[in-house]
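The values are calculated or read from the model by the stated rules, or taken from the named source; none is laboratory data. Being a predicted model, the structure only gives us computed values, none of them experimental. All Cβ positions, even for glycine, are placed from backbone atoms using ideal geometry, and neighbour counts span all protein chains on display. The accessibility values were calculated without ligands, DNA or RNA, using every heavy atom of the protein model including side chains. Shrake-Rupley method; radii C 1.70, N 1.55, O 1.52, S 1.80 Å.
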Amino acid sequence: MNTEKKKGIITRVSGPLVEAKGLIAPKMYEVVRVGDAELMGEIIELKGDISSIQVYEETAGIGPGEPVYGTGGTMSVDLGPGLLESIYDGIQRPLKTIEEKSGSCYIARGIEVDGIDRDRTWDITAVAKVGDLVSGGDILGEVQETSLIMHKVMVPPGISGKVKEVKSGSFNVTETIAVIETFEGDLDIPMLQKWPIRVPRPKQTKIFPSEPLITGGRSIDTFFPVAKGGAVAIPGPFGSGKTVTQQSLAKYCDAQVIVYVGCGERGNEMTEVLNEFPELIDPNTGEALMKRTILIANTSNMPVAAREASVYSGITIAEYYRDMGYSVALMADSTSRWAEAMREISGRMEEMPGEEGYPAYLSSRTAEFYERAGVVKCLGTEDRTGALTVIGAVSPPGGDLSEPVSQATLRVTKCFWGLDSALAYKKHFPTINWLTSYSLYVPNLEAYWRKEIAEDFPEVRASALTLLQAEAKLLEIVKLVGMESLSNTEKLTLEVSRMIREDFLFQNAFDKDDSYTPPMKQYRILKSIMSILTIGKEVVSRDEFEYSDFAKLEILKEVPKLKDISPDDMGAYDTFDAKVSESITGLVAVTK
Amino acid sequence: MKTNKIVTKEYKTAESVSGPLLVVGGVEGVTYDELVEVSVPGEKKVRVGKVLDVKGDKAVVQMFRPTAGLQTEGTKIRFKGETAKIGVSTSMLGRVFTGGGDVLDGGPEIIAEKKVDISGAAINPYSREFPDDFIQTGISSIDIMNTLVRGQKLPIFSGAGLPHARLAAQIARQASVTTGEPFAIVFGTMGVTFEEAEYFRKEFESTGALERSVLFLNTAADPVVERIQTPRLALTTAEYLAFEKGMHVLVILTDMTNYCEALREVSGARKEVPGRRGYPGYMYTDLSTIYERAGRVKGKKGSITQIPILSMPDDDKTHPVPDLTGYITEGQFIVSRDLNTKGIFPPVDVQGSLSRLWSAGVGPDKTREDHAGLKDQLFAAYAIGKEARELSVVLGEASLSESDQDHLKFAEAFEKEFINQGERENRSVIESLDIGWRLLTMVPRESLKRVKKELVDKYLPKQ
């Protein structure tokens, strides 16, 4: 390494924080190599001659007097073909290569691995032509990265000029595939780009999100939808199903590329994802899910500074695919661990603490992160739009949402899926509480729903939500005075809202058929349940109507089976609706 | 590490002592986390500590034992150039040690086969093997409702005055896998009473489990800071037995709340910015370096299953210790005060408890085809029954619907016959499943919605 002249000396070591002096012209967020073991670190503060460095690896055995080497570059990720199907740690080192290099099941220190394999070759087909005038974001060539994703090799942002040469054929990522003539001279462009993780990748403009991210989850898609390009917060105490929700999203949502960041989570859970994803089939394309997925796994016991970096590494990779014009979804599980990593480093730097010991910049960092989501007009002369949806889990201590991380997150996300431990206790899954959750994307999506699903979809949805709220009030009354005091209409309200809860909202993420419901089928189930209310209301409200006659109806026993109807057999719902109408009106004939 | 620093550096420059911390000045070449030996004039035995912070020529050393009697004058401080290690060997099985790793049972010193760093390294998630071997604990409320698998970490959340020790002992005694291999047990106590530590030791001795157990005992009378080491010693030993000797190891650690308090004490002495309730902000990370040392590894035969026990102050699940633990472990068993008062043993709160890996341990080739469905159905029926019980308190039983009355009776029977079992009763999973089905005959058949109809036909006893 030609860094001898940039060498500094360690003056302090305290856990992941190292201080060094004597570095020549250190830069903020410059990557440095710390100690004789050359551990990877990043400068996070400069004060006089002293640089504070957060180290991405365990610092045991490092002490004052050892050298620190500057590298001149800031913390960046490798971008290019070969990202998909990879499994990285928080600083984009492939876990598989780490295993091979360290020769053990433990993560050894000081291992330097490239994020993208330099030896693997890719077949690129030129898209740009010699003589074309190009600028950042324009496509030079295409590589079939996996059977699902056509990787677009773009002109790196900030470069513009005339294409002097462009190649098709088989190359590795560092070989030149195009030469661009610029004012500063000819530039060789390889497939590989680097981008600093803390800087959002540039775009032309942001666009208002207007299309839903279809997840197959009934309570999400119908009641609390998220738009492609939106930002969602999923707060919930432990055991309320955050991880299961995140994983079902990663499995079934209709984004084209998924980046899943396991930030400070459980090792066994990451292993489950690693085992399961290559086996699972994407319901939207019929291909293995792994072919569209990038996993970043920095488990809770891996170094804390790398955990801090992991969400940034993830979102930078996600932005890169967004720039190609894809719809990308990023799941971060859990952003609380990321915030805690910030707190730990901040505490060691002896910064003035804000609320609950978190640094004062917690909310601005959180906001910056979620603002990287959005639908964008991509850079480049061609008209491309890409979307990046960010879904962040939050783990509030004790489930108390007044804590700083939840509050900072709720201020910048427009969709909130409140996971409820009381529902988990009753084993009602998903535990998304229908009374507290909200989505501010509903108005954006109304036009889409009316056009793609059904003209009355927004109305059916709204009346179902109102019904659930009415139920909550009625149940309080029942607790005090019992069922008997309720009117027939109120009893019917309770009956139908129970059906919505048990036969619509309840969804088994572990059941092969139940875990994914297409939007049209969701609408039909809900509509059929609601039709019991609309038809029944009129009948039960007649004078002297015996409610028990209604409760005995055979057809009501078929409601739980509505969700088992195949999505190809929409006619079955018509049959059901007809039977409902017939048997309920039949009751009137009897009473008469 | 590339450089091998075995040079021992000795100083007599102790500057200050505060709580468990010793500050040494004028040092050179000291590294983070290094082991330190302190000899006080007139004392034969050296005291041991480790470097917590090193800034310029000052090192902050955390002592593992109380600093009573420590003086700044004349004290010799040696920096060992290596991190804290423990000598491990299979001959540790059947032996009892202190929470600091010294022999406690009067037997000979252990001849180490290997010296291992106690802080452990993070297992590469890519190298892990997903835990999916069913462990039969012989306890219905665990085996059926919250299934434990080999390589899982599943704590017991308890409270003052609840029988968590007896529950843990019963699990340790009865746990077995379908292949029949026994578990080796590594047991660590942190700050528990002498009686509790002794209860476990006797329990292991009387059932013959002691010969396949290693015990590290730190009681309430032992040094507080030693507790920070105890779980790490236990887990380092467990890792050696599991991943180098191919054993299946069950690690029981009690009581993690005391461990966290020791952590808070050290943090307070260092004047760190406190997080919630005075616990250090890095407690999550610290706990994860203990709990995450459970699991299975590709290409290795052994496994580590962890059952840490912690007491929830005032039964509060949102207290930082159970809260952070719950975020790391794969579920939790909650000991219910209610059930305990009713005289039900083991008083496992089946609804509040959770095993995140249950689905990996059940099924036709592991337990039985009806397990998952039956479990869901029992949960649902019990929930309805408990709701009905609440209602009946306010409105009287007569006001309940017929189906609710049946469920109410079911809930009572479920607690008395399914959850309740003797401390010495070891039920096979098949027996437990059958009890579940028998109880389900008490509720209307059409309410069995969570389990497939074919399974109901096949397993529900005909009346």
Filtering helices (runs of 4 or more DSSP H) wholly in segment A:454-540 for at least 3 residues that are within 14 Å of chain B (Cβ to nearest Cβ) gives A:457-481, A:488-499
Given the conditions (1) within 32 Å of the chain's Cα centre (by Cα); (2) at pLDDT 90 or above; (3) in a strand (DSSP E or B), every one holds for B:S91 apart from (3)
Of those in segment A:402-422 that are away from chain B (no Cβ under 12 Å) and part of a loop (DSSP other than H, G, I, E, B), the residue farthest from A:R365 (Cα to Cα) is A:D420
Of the residues in segment B:341-363, those that are in a helix (DSSP H, G or I) and in contact with a Leu (Cβ under 9 Å, 6 or more places away or on another chain) come to B:W358, B:G361
Residue hits (segment A:274-303; in a helix (DSSP H, G or I) and open to solvent by 10 Å² or more (accessible area, probe 1.4 Å)) are A:L274, A:N275, A:E276, A:M290, A:K291
Pairs returned, first residue in segment A:206-218 that is on the phi < 0 side of the Ramachandran plot and crowded, with 22+ Cβ neighbours inside 10 Å, second residue that is assigned to a loop (DSSP other than H, G, I, E, B) and among the aromatic types (F, W, Y), beta-carbon separation under 8 angstrom, 6 or more apart or interchain, are A:P209/A:Y441; A:P212/A:Y441
Selection from segment A:546-586 of residues surrounded by fewer than 16 Cβ atoms within 10 Å (Cβ to Cβ) and assigned to a loop (DSSP other than H, G, I, E, B) yields A:E546, A:K552, A:S566, A:P567, A:D568, A:D569, A:M570
Of (1) surrounded by fewer than 24 Cβ atoms within 10 Å (Cβ to Cβ); (2) under 20 Å from the mean Cα position of the chain (by Cα); (3) modelled with pLDDT of 90 or more; (4) not in a helix (DSSP H, G or I), A:L379 satisfies every one except (2)
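Here is a yes/no grid of residues against (1) at pLDDT 95 or above; (2) over 30 Å from B:Q377 (Cβ atoms); (3) surrounded by 18 or more Cβ atoms within 10 Å (Cβ to Cβ):
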| site | (1), (2), (3) |
| --- | --- |
| B:L263 | no, yes, yes |
| B:M283 | no, yes, yes |
| B:S288 | no, yes, yes |
| B:G302 | no, yes, yes |
| B:T305 | yes, no, yes |
| B:D316 | no, yes, no |
| B:E330 | no, no, yes |
| B:P346 | no, no, yes |
| B:V350 | no, no, yes |
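Matching residues to (1) in contact with an Asp or Glu (Cβ under 8 Å, 6 or more places away or on another chain); (2) within 14 Å of another protein chain (Cβ to nearest Cβ); (3) exposed (fewer than 14 other Cβ atoms within 10 Å of the Cβ):
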{"residue": "B:K409", "(1), (2), (3)": "no, no, no"}
{"residue": "B:I419", "(1), (2), (3)": "no, no, no"}
{"residue": "B:E425", "(1), (2), (3)": "no, no, no"}
{"residue": "B:I430", "(1), (2), (3)": "no, no, yes"}
{"residue": "B:L440", "(1), (2), (3)": "no, no, no"}
{"residue": "B:V443", "(1), (2), (3)": "yes, no, no"}
{"residue": "B:R450", "(1), (2), (3)": "yes, yes, no"}
{"residue": "B:K453", "(1), (2), (3)": "no, yes, yes"}
{"residue": "B:K462", "(1), (2), (3)": "no, no, yes"}
Being touching a residue at least 60 places away in the same chain (Cβ under 8 Å) and either β-branched (V, I, T) or in contact with a Gly (Cβ under 6 Å, 6 or more places away or on another chain) (or both) narrows A:G392, A:G380 down to just A:G380
Taking segment B:380-396 and keeping only residues that are open to solvent by less than 10 Å² (accessible area, probe 1.4 Å) and not aliphatic (A, V, I, L, M), one is left with B:Y382, B:G385
Counting only residues in segment A:324-342 that are open to solvent by 10 Å² or more (accessible area, probe 1.4 Å) and away from chain B (no Cβ under 14 Å), the one farthest from the chain's Cα centre (by Cα) is identified as A:G325
Here the residues within segment A:425-441 that are within 14 Å of chain B (Cβ to nearest Cβ) and either open to solvent by less than 10 Å² (accessible area, probe 1.4 Å) or outside any helix (DSSP H, G or I) (or both) are A:K426, A:K427, A:H428, A:F429, A:T431
When (1) part of a helix (DSSP H, G or I); (2) farther than 24 Å from A:E476 by Cβ are applied to B:K366, the one that fails is (1)
(Q) Condition check: assigned to a loop (DSSP other than H, G, I, E, B) and modelled with pLDDT of 90 or more. Does A:L83 satisfy that? (A) yes
Please determine whether any residue of segment A:232-255 is open to solvent by 20 Å² or more (accessible area, probe 1.4 Å), farther than 27 Å from A:F506 by Cα, away from chain B (no Cβ under 14 Å) and outside any helix (DSSP H, G or I). no
Here the qualifying pairs (Cβ atoms under 9 Å; residues six or more apart or on different chains; first in segment A:127-140 and surrounded by 15 or more Cβ atoms within 10 Å (Cβ to Cβ); second among the hydroxyl-bearing types (S, T, Y) and part of a strand (DSSP E or B)) come out as A:V134/A:S160; A:S135/A:S160; A:G136/A:S160; A:D138/A:S160
Taking segment A:540-560 and keeping residues in contact with a Leu (Cβ under 7 Å, 6 or more places away or on another chain) and either within 21 Å of B:K449 (Cβ to Cβ) or not assigned by TED's automatic domain parsing to the domain that holds A:V496 (or both) leaves A:F550
Q. Out of curiosity, is A:E279 in contact with an Asp or Glu (Cβ under 9 Å, 6 or more places away or on another chain) and within 14 Å of chain B (Cβ to nearest Cβ)?
A. no
A:P397 passes all but one of the listed conditions (1) surrounded by fewer than 20 Cβ atoms within 10 Å (Cβ to Cβ); (2) more than 19 Å from the chain's Cα centre (by Cα); the exception is number (1)
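Yes or no, residue by residue, for (1) at pLDDT 95 or above; (2) touching an Asp or Glu at 6+ places or on another chain (Cβ under 7 Å); (3) in the same structural domain as B:A383 (by TED's automatic domain parsing):
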{"residue": "B:Y126", "(1), (2), (3)": "no, yes, no"}
{"residue": "B:R150", "(1), (2), (3)": "no, yes, no"}
{"residue": "B:I156", "(1), (2), (3)": "yes, no, no"}
{"residue": "B:A160", "(1), (2), (3)": "no, no, no"}
{"residue": "B:G180", "(1), (2), (3)": "no, no, no"}
{"residue": "B:I185", "(1), (2), (3)": "no, no, no"}
